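Novice: Mind having a look at this structure? Questions to follow.
The values are calculated or read from the model by the stated rules, or taken from the named source; none is laboratory data. Source: prediction; values computed, not measured. A quick note on method: Cβ atoms are made from the backbone with ideal geometry, for glycine too, and the neighbour counts reach across all protein chains shown. The area values use the complete protein model at the heavy-atom level, side chains included, leaving out ligands, DNA and RNA. Shrake-Rupley method; radii C 1.70, N 1.55, O 1.52, S 1.80 Å.
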Amino acid sequence: MDLTSYAELAVLLVNRRDDLKTLDGLRGLLAETGRTEAAGRATRRDLDHVIELRDELTEVFESAAEGNEEDVVQRLNGLLVRHPVHPQIAGHDGQPWHMHLTEGGRVGDTVAVGSVMGLASVVTGLGVNRLGLCQATPCRNAYLDTSSNRSRRYCSERCASRANVAAYRARKRGPKASDGQ
């Protein structure tokens, strides 16, 4: 079972802070990620649960960015205990039978189980250093580094370009500032 799409949901939850202020925002995010049935069932209670989860997932990414593997694992283990995984065989959208995680129950629980299990899968399969926070100033969005050489440092091409342009301009200014002294 490939859990990367579940881990990507965790990234979206962390990065879409503004979208998760309202129930419509949660429903929109769920629909955008192909979880239309869950979007239709989401309640205010689910939103509150997802907001709390988002804060906990943010702490996981912050610990990973600091290189604190023990804290990442401890936080994920705590979340796994609170949100037990219930695998389920599913078939939809013309796809063959495949595995899903906790498709029943409350929407908040489904989002939590998928996000946490996805991150746990990335950490155990690829390593804690595959979770990161964007190094472009002032962005601090989360990302998953699925590159083959573990080189990702930015959440998007936009942030990478902005950081590269800023570094280029700083290098161009550097010598001129010292020439006047």
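Novice: What do you reckon, how do TYR168, TYR6 stack up by accessible area (1.4 Å probe), largest on top? Could the numbers behind the result be given before it?
Specialist: Values: TYR168 115, TYR6 20 Å².
Solvent-accessible surface, decreasing: TYR168, TYR6.
Novice: Please report, in debye to the nearest 20, how large the charge dipole of the range 1-144 is about its Cα centre when each Lys and Arg carries +1 at its beta carbon and each Asp and Glu carries -1 there.
Specialist: Working: 14 positive and 21 negative charges, 59 e Å.
With only Lys, Arg, Asp and Glu charged at Cβ, the dipole is about 280 debye.
Novice: On C-alpha positions alone, give me the angle between the axis of helix 107-125 and the longest principal axis of the chain, in degrees, nearest 10.
Specialist: 60
Novice: Can you tell me how the range 83-176 classifies by the Cα gyration tensor, rounded, prolate or oblate, using a/c under 1.5 as the rounded cut? Numbers along the way, then the final one.
Specialist: Values: a/c = 3.01, a/b = 2.93, b/c = 1.03.
Prolate, since a/c reaches 1.5 and a/b exceeds b/c.
Novice: State, to one decimal in nm, how far the label point of ARG44 lies from the label point of GLN88, with both points 7 Å from Cα in the Cβ direction.
Specialist: Placing both labels 7 Å beyond Cα along the Cβ direction yields 2.6 nm.
Novice: Now a separate question. By the gyration tensor of its Cα atoms, with a ≥ b ≥ c the square roots of the eigenvalues, what is the shape of the range 1-118: rounded for a/c under 1.5, prolate for a/b over b/c, or oblate? Mind showing how you got there, number by number?
Specialist: Values: a/c = 1.81, a/b = 1.24, b/c = 1.46.
Verdict is oblate for the range 1-118.
Novice: Note down the nm distance, to one decimal, between modelled labels 7 Å out along Cα→Cβ at SER161 and at GLN95.
Specialist: 3.1
Novice: Another one. Might you list the cysteines of the chain that have no disulfide-compatible partner by the rule of another cysteine's Cβ under 4.7 Å?
Specialist: Cys with no partner Cβ under 4.7 Å: CYS159.
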